[in-house]
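Engineer: Before we start, here is the structure in question, set down as structure tokens.
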Amino acid sequence: MILQDHISSSLRKGKHSETLLINQLSLERIENDKKVYKLGFGQSPFPVPIEITKQLQLAAGRKEYTSVQGLKELRQSICDLHKEFENKNWQPEQIIVAGGSKILLFCIMAAFKKAEILLPAPSWVSYEPQGKLAGHEVNWIGTTFDDKWSLTAKQLDDYCLTRDTELPLVLVFNYPSNPTGQTYSAKQLSDLSKVMKKHKIIVIADEIYSLLTFKNNYPTLSDYYPEGCIVSSGLSKWCGAGGWRLGFHYIPKELGEDFKQAVIGVASETYSCAPTPIQVAATYAYRNMDEARIFLNRQKRVLNQISQYVAQELNQINIFTHTAQGGFYLFPDFGHYRVSLERINIYSGEDLTARLMNEIGVALLPGSAFGMPPNSLTARLAFVDFDGSQIFSDDIKELGNNNEESYTSAQFEFNKIKEGIKNLCEWFDKLN
Ligand SMILES: Cc1ncc(COP(=O)(O)O)c(C=O)c1O
């Protein structure tokens, strides 16, 4: 028996990845000189501010390992910025830094010997595989368009009342959401927190997009359930620095020193510490709050404007979409066209997104990638195919904060997205 046969039946089988399929189709189009509207892959379109990249250059000589939890001054600056922007009362001893928040999500899951991981559908693609890799049972609760794809307190309570296991319940709760762009009101969070307390749910609040919530002074779950709410965030989204790999988790003291040490134990046996030069540059990013505020305001105005444009165009032709409340995703529901789509052999979100890619070069990710049932005619639309460096142009630098609104609506260019949406609308129009 050759070696690869010897091991093949012992390997974990990865889920068929819709993301890879769309990437593959998109590469084929690009090779054939055809246009692709990149609304599938979601990464920040904005560059890291130049001052922060300069700090990274200066820190390149920092070759030492740090403690697993990360540089104390970075953890302090993270606490300070989230106090200023979100009124969180965090202590640096409760922060763990890592090369991206994703590995920390896994460390939290792996800290439990056995738990049940609960996910609202739709949710981000990596939670389920991570839960399974950590050896846990993973279950989903479906949400609806009418509830703006949000989990309701009643749904959560009903789910918990029918559970017949003593396993700890870990809910991964992400807002603003990837893939829906929706967030939660104070009332929703308060209602949910009562159910969470009642059933002793451990919540991983994935707030990686929170600083990109369009309205200011937004509520967060830890306002209502600080004791059970682990908060996950980092530099990737608000600072446009996904590839830098800098994330952190805040672990409430109430979960106990043993829990924190269990997470640090997994972190220490997997990644050791986040890259030191990145930690130094991140400290600068988190410390310079005035610059962060300007940068965030510009991003939020632009993203809000594009979200509203796209949602309006889609809703006009009955592709129903809630406008985003933060981040850079929309989650359109194409169900209105089900009968017409079935006539051309499209029965699932996966069929639909493959056809849209092949025929008009519009890349979207099917709802099934996010835990929706295969026959759901939903998709994630990442409205990021534009040149984000425009927000640093000289025009905008000369304008005071108060004038920025007029700048973004008058001069910000996102023609490629407009063209992609026009093609999409025309494609659906022809179905009728
Ligand atoms: C909802 C959500 N959580 C977590 C992550 C991981 O972010 P990081 O770059 O910090 O690992 C992402 C990245 O796409 C995300 O969309």
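The values are calculated or read from the model by the stated rules, or taken from the named source; none is laboratory data. All figures in this text were calculated on a predicted structure; none of them were measured in a lab. Cβ coordinates were reconstructed from backbone atoms using ideal geometry, including for glycine residues, and neighbour counts include every protein chain displayed.
Engineer: Mind telling me which of the residues Q312, Q308, Q299 ends up being closer than 18 Å to D429 by Cβ and part of a helix (DSSP H, G or I)? Outline the logic, then answer.
Structural biologist: Values: Q308 fails: closer than 18 Å to D429 by Cβ; Q299 fails: closer than 18 Å to D429 by Cβ.
Matching residue, one of Q312, Q308, Q299: Q312.
Engineer: Between residues in segment 64-88 that are of a type in the set (D, E) and residues that are not in a helix (DSSP H, G or I), which pairs lie under 7 Å by C-beta distance while being six or more apart or on different chains?
Structural biologist: E86/T220
Engineer: Would you please list the contacts, defined by Cβ atoms under 9 Å and residues six or more apart or on different chains, that run from a residue in segment 116-139 that is closer than 20 Å to A153 by Cβ and more than 11 Å from the ligand (Cβ to nearest atom) to a residue that is of a type in the set (D, E) and at pLDDT 95 or above?
Structural biologist: Within 9 Å, the pairs are E116/E137; I117/E128; I117/E137; L119/E128; N139/E116.
Engineer: Filter segment 140-176 for residues that are out of contact with any Asp or Glu (no Cβ under 9 Å at 6 or more places or on another chain) and within 16 Å of the ligand (Cβ to nearest atom) and give the result.
Structural biologist: T143, W149, S150, L151, L171
Engineer: Same structure, new question: What number goes with the only condition from (1) away from the ligand (no atom under 16 Å from the Cβ); (2) of a type in the set (V, I, T); (3) within 19 Å of the chain's Cα centre (by Cα) that V280 does not pass?
Structural biologist: (3)
Engineer: Something else about it: It is to be established whether one or more residues within segment 193-205 are at pLDDT 95 or above and within 12 Å of the ligand (Cβ to nearest atom). Let's see the steps before the verdict.
Structural biologist: Step one: list which residues in segment 193-205 are at pLDDT 95 or above, which gives 193-205.
Within this subset, residues satisfying the condition of being within 12 Å of the ligand (Cβ to nearest atom) are 204-205.
Among the residues of segment 193-205, at least one is at pLDDT 95 or above and within 12 Å of the ligand (Cβ to nearest atom), which makes the answer yes.
Engineer: Is one or more of the residues making up segment 214-226 of a type in the set (A, V, I, L, M), modelled with pLDDT of 95 or more, more than 16 Å from the ligand (Cβ to nearest atom) and surrounded by 22 or more Cβ atoms within 10 Å (Cβ to Cβ)?
Structural biologist: First pass over segment 214-226, keeping only residues of a type in the set (A, V, I, L, M): 221.
Applying the additional criterion that residues be modelled with pLDDT of 95 or more yields 221.
Subset that is more than 16 Å from the ligand (Cβ to nearest atom): none.
Among the residues of segment 214-226, not one is of a type in the set (A, V, I, L, M), modelled with pLDDT of 95 or more, more than 16 Å from the ligand (Cβ to nearest atom) and surrounded by 22 or more Cβ atoms within 10 Å (Cβ to Cβ), which makes the answer no.
Engineer: Sticking with this one: For segment 132-177, which positions are polar (S, T, N, Q) and assigned to a loop (DSSP other than H, G, I, E, B)?
Structural biologist: Residues of segment 132-177 that are polar (S, T, N, Q), as a first pass: 139, 143-144, 150, 152, 155, 162, 165, 174, 177.
The answer is T143, T144, S150, T152, T162, T165, S177.
Engineer: If you don't mind, another one. Can you pull out every residue in segment 129-175 that is closer than 20 Å to T220 by Cβ and either buried (at least 19 other Cβ atoms within 10 Å of the Cβ) or touching a Ser or Thr at 6+ places or on another chain (Cβ under 7 Å) (or both)?
Structural biologist: If the condition is that a residue be closer than 20 Å to T220 by Cβ and either buried (at least 19 other Cβ atoms within 10 Å of the Cβ) or touching a Ser or Thr at 6+ places or on another chain (Cβ under 7 Å) (or both), then T143, W149, S150, L151, L156, V170, L171, V172, F173, N174, Y175 are the ones that fit.
Engineer: If you take the residues in segment 242-271 that are among the charged types (D, E, K, R) and over 21 Å from G228 (Cα atoms), which one is surrounded by the fewest Cβ atoms within 10 Å (Cβ to Cβ)?
Structural biologist: Initially, segment 242-271 is screened for residues among the charged types (D, E, K, R), giving 245, 253-254, 257-258, 260, 269.
Now drop any that are not over 21 Å from G228 (Cα atoms), which leaves 245, 269.
Working: R245: 19, E269: 11.
It comes out as E269.
Engineer: Could you list all residues from segment 180-225 that are part of a helix (DSSP H, G or I), out of contact with any Leu (no Cβ under 8 Å at 6 or more places or on another chain) and not small (G, A, S)?
Structural biologist: To start, the set of residues in segment 180-225 that are part of a helix (DSSP H, G or I) comprises 186-198, 210-212, 221-223.
Those still in the list that are out of contact with any Leu (no Cβ under 8 Å at 6 or more places or on another chain) too: 186-188, 190-191, 194, 197-198, 210, 222.
Listed by number, the residues that qualify are K187, Q188, D191, K194, K197, K198.
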